[in-house]
Structure formats: structure tokens, C-alpha cells
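In what follows, a structure is listed as C-alpha cells, so that the remarks can point back to it.
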Amino acid sequence: MKKRNLTTKLIHTPYPVKDPHGSLNYPVYDNVAFEADTAEELEAAFKGEKNRHIYSRITNPTVAYFESKIRHATDAYSVTALSSGMAAISNLVMALGKAGDNIITTRHLFGNTLSLFEKTLQPYELLARFTDLTNPQKVIDQIDNRTVAIFFETITNPQLEVANIEILSEIAREHNLVLVADTTLTPPSVFNAQEMGVDFEVLSSTKYISGGGTSVGGLILDYGTFDWSSFAKTRQLFDEHGSSAFNILLRKQIFRNMGACLSPHNAYMQSLGLDTLDLRTERSTSNALEIANWLESHSAVQKVHYPGLKSSPFYEITIKQFGEKPCSLLTFDLGSKEMCYTFMNRLKLARRSTNLQDNKTLIIHPYSTIFAEYPADQIAAMGIRDAMMRLSVGIEDIEDLIEDFDQALK
Ligand code: PLP
């Protein structure tokens, strides 16, 4: 991976204007509307002739500064911050497609994303075609003249499956499709999406970026790599606005009107979180690798899934795409649901909770919680087992975590 000097860039992202008090953290403009000096200036702002803030659902200085930090650090062409990871995914997908279009994806996805595709978007005839994204031919077989995008998670939650991103990118280029990656499990401190040919990155900033369970948020990163001149939904906008056609479509026709904006306070928390993103990913992914190895060697554990383990079918592609410590999420199987529950209830440090990439280690039984709304055969098709737990490893001291698991497994 090309070195980005991510942390230095994040910490030293310049302010748009000098702060009158010399504040070292960008202030929170917890405010709704911004006045103009003259009626003409207000008109120019509404017409987009003057670049200034008008109303915080559309843009806000604290949110814009948060977006600019990510742009500065990743060289993205444009960044949009939203109220949640799900808002980022739904806004982007709705901007890309229209009734009758389809998006190629997999059933191996975060449960709510799958539900978005199956239950929310289907009645509007924006259709998902589910296939195995680790099999290039199966992906190609799904493409038709109404396919607009391929959507995948870099490491799927919770199956921990890894597709070959360069191959997906080649397929997308060849068929003029937009390649969208949900990089929540591998944020920019772990993975350089642009280098791998991804057009759009969506991620839940609720996770690592929030600083550790502080606030809900989401991000869309547009690398400016897709040619919008011949894309059905942007053809007309392209004639008027050139390469910013999609950004205008996203911001003015979807994001503004759906209203899923990030609050200034959350943008402030997440700006702070960005400063320590790399430190926290480094620590928690190191812990995860060590725990995965420890669990794998434990006689009470039937199976451990972690893409950074040599036993993983995705080990080689994982190392190539994300390095030796790819993520802080792993799953492992005991003999039954009852054994999982006994183990979970004995834990003293790890918390029984949903969410991931918190500073605290979190454990959940996905089958009976996140995926409980699905019938058994569908849960099985999603790769979720009754005897499986999902562990999100935090930044505690590793010896304390191992001691906690050891006493609970005895
Ligand atoms: N994508 C992935 C991979 C996730 O794990 C999650 C949440 O856990 C989301 C998206 C949704 O994020 P949010 O909860 O911020 O809406």
C-alpha cells in the first residue's frame, strides 16, 4: 500500500479561514442557519454562485471541516458526511440507480444493508442481484444492460469473506459499472481503496472514526474515477457541470432532500476520532490477530474465522489487500448456542453488546440478535451459524483479554 501519511494529514488539515481565537480544534457550529450581509449575497448563495453555508441540513462549517479532513488525508475528489453508515449506503445507492436498474451484490453483508436491498429498495424496483462476489464468472453472469453498480464489503460482516478487489474493479471498468466498497471493517488507516480501483467508499463512521462508540455517522468518499458522461442518471448533468455531475446529483437531489445530515456535534466528535484512528486500528487489529491465534490453538474452540489467519481461505488475498492485521473483527464457534451463551455470560471484561470497533471488546451471538428477523434457511444462506459468536476486539491490554477468555473457556 502506498504511504499516505494519513495521521499527519488528518491532524494538520488546514481550516478554511483562520479561527479568530486560534482554536486548535475546529469549533462546533451547533447552529441552523447562516445570514448574509445583503439580499444579493443570499440569492447568490442559493443559486450556488457563492460558496457559503446557508442551512445546516445542506452544509455546516463543522461538518464541512470533518469532510475536508478526510478529503485531505485520502485525496478523495469529494466527501459527504451523513447521519449514519446506513444513510451513506442508502443515499449513494439511490443516487446511482432508478426503478428498473439493478446492483450486483452478495447476501454476505451486514444484516441491515441486506435488509435495505431486499426490503426497502425492492418496492421501488431498485433491485439487488445476489451472487458470490468471490467468483468473477458469477459476477459477470449477473450483468445486464440495467446493471449500474457492484456493491461489496471489503471484509464482510460477519462472514469475514474477502473478494479480490482488483478483479471486481476490472469487471466494473469493462462493463461501465460503478464499484462501491463498504470499507467499514477496513477504514483508510488499513486500506487504500482508490489504489485498488474502487470508485466509491462508504463507511460507518460510527465505528473506528467516532473515536470508539461516541456517535453515529456515515461517509461517502468519491474518488472521482468514474466517467459520468455516459451514465444514464448523470448524462444531462454532465453536459452542464462536467465531472462534478454526480456530486451535484448526490448532494442536491438525494442528500439534501432525504435530510440524513450529520449533526455538528457528532462531526466534532468524529473529527477528534480521526486524529487517533491509525493508533487505535493498529492496537485493536494487533490484539485481534493475537486472540485469533490463541483461540485457534484452544481445544474448546471448534473453528476460528479471521482473514489474517493462515487457515482462512482468504488469507493470501487479505495479506495482499489489507496487510497482516486486516481487521479487529473475528468469529469463532463453540459446540452449540448454549455453550456460546455460557461463555458469553462468564466474560468479565468483554461486553455483551452489538457494535464494533469500539475501544472496548464487544461480543455478540449474531444468529439470535442481528439476524433474528430471518428464517433459519435464510440465515444459513448468509453464512451465520447457531454456534458462532462475533468478537470485536478493543484496545485493552492483550494479556487481560486473553486471561478473560481463558477463564470463560475453562
Ligand atoms: N456497514 C457495515 C459493514 C456495518 O457493520 C454497519 C453497522 O454495523 C453499517 C454499515 C451501518 O452503520 P451505522 O450503524 O452507522 O448505520
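Being in a helix (DSSP H, G or I), in contact (Cβ under 8 Å) with a residue 24 or more places away in the chain, open to solvent by 20 Å² or more (accessible area, probe 1.4 Å) and within 12 Å of the ligand (Cβ to nearest atom) narrows it down to one of Met94, Met86, so name that one. So that I can check it myself, show each step before the final result.
On the way: Met94 fails: within 12 Å of the ligand (Cβ to nearest atom).
Testing whether each residue is in a helix (DSSP H, G or I), in contact (Cβ under 8 Å) with a residue 24 or more places away in the chain, open to solvent by 20 Å² or more (accessible area, probe 1.4 Å) and within 12 Å of the ligand (Cβ to nearest atom) leaves just Met86.
Each row is one residue, and each column tells you yes or no for (1) within 18 Å of Tyr374 (Cα to Cα); (2) in contact with a His (Cβ under 9 Å, 6 or more places away or on another chain); (3) part of a helix (DSSP H, G or I); (4) of a type outside the set (S, T, N, Q).
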{"position": "Arg107", "(1), (2), (3), (4)": "yes, no, no, yes"}
{"position": "Leu133", "(1), (2), (3), (4)": "no, yes, no, yes"}
{"position": "Val148", "(1), (2), (3), (4)": "no, no, no, yes"}
{"position": "Glu161", "(1), (2), (3), (4)": "no, yes, no, yes"}
{"position": "Leu168", "(1), (2), (3), (4)": "no, no, yes, yes"}
{"position": "Ala181", "(1), (2), (3), (4)": "no, no, no, yes"}
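Applying the condition of being open to solvent by 10 Å² or more (accessible area, probe 1.4 Å) and β-branched (Val, Ile, Thr) to the stretch 192-239 and asking which residue is farthest from the ligand (Cβ to nearest atom) yields Thr225.
Does Thr361 meet the test of being in contact with a strand residue (DSSP E or B) (Cβ under 6 Å, 6 or more places away or on another chain) and among the polar types (S, T, N, Q)? Walk me through how you get there before you give the answer.
Values: in contact with a strand residue (DSSP E or B) (Cβ under 6 Å, 6 or more places away or on another chain): no; among the polar types (S, T, N, Q): yes.
Criteria not met by Thr361.
Test Ser286 against the criterion of being assigned by TED's automatic domain parsing to the domain that holds Ile89, open to solvent by 20 Å² or more (accessible area, probe 1.4 Å) and part of a helix (DSSP H, G or I), and give yes or no. The answer is no for Ser286. Exactly one residue out of Ile171, Ile104, Ile140 is over 21 Å from Asp377 (Cβ atoms) and crowded, with 24+ Cβ neighbours inside 10 Å, and it is Ile104.
Exactly one condition in (1) surrounded by fewer than 18 Cβ atoms within 10 Å (Cβ to Cβ); (2) closer than 30 Å to Thr7 by Cβ is not met by Ala73; state its number. Among (1) surrounded by fewer than 18 Cβ atoms within 10 Å (Cβ to Cβ); (2) closer than 30 Å to Thr7 by Cβ, the lone unmet condition for Ala73 is (1).
I want to confirm something. Restricting to the stretch 297-320 and keeping residues that are part of a strand (DSSP E or B) and under 25 Å from the mean Cα position of the chain (by Cα), which single residue is surrounded by the most Cβ atoms within 10 Å (Cβ to Cβ)? If you could, list the steps in order and put the result at the bottom.
Residues of the stretch 297-320 part of a strand (DSSP E or B): 303-305.
Among the residues that remain, those that are also under 25 Å from the mean Cα position of the chain (by Cα) are: 304-305.
Numbers: Val304: 21, His305: 24.
Only one residue fits best here, namely His305.
Of Tyr26, Tyr65, Tyr77, all but one fail to be in contact (Cβ under 8 Å) with a residue 60 or more places away in the chain and more than 21 Å from Ser263 (Cα to Cα); the exception is Tyr77. Would a scan of the stretch 209-227 turn up a residue that is closer than 27 Å to Thr7 by Cβ and either free of Cβ contacts under 8 Å to residues at least 12 places away in the same chain or assigned to a helix (DSSP H, G or I) (or both)? Yes; the residues of the stretch 209-227 include at least one that is closer than 27 Å to Thr7 by Cβ and either free of Cβ contacts under 8 Å to residues at least 12 places away in the same chain or assigned to a helix (DSSP H, G or I) (or both).
The values are calculated or read from the model by the stated rules, or taken from the named source; none is laboratory data. Keep in mind that this is a model prediction, so the values were computed, not measured. Here the Cβ is made from the backbone with ideal geometry for all residues, glycine too, and neighbour counts use every protein chain on show. Ligands, DNA and RNA are excluded from the accessible area calculation, which covers all protein heavy atoms including side chains. Shrake-Rupley method; radii C 1.70, N 1.55, O 1.52, S 1.80 Å.
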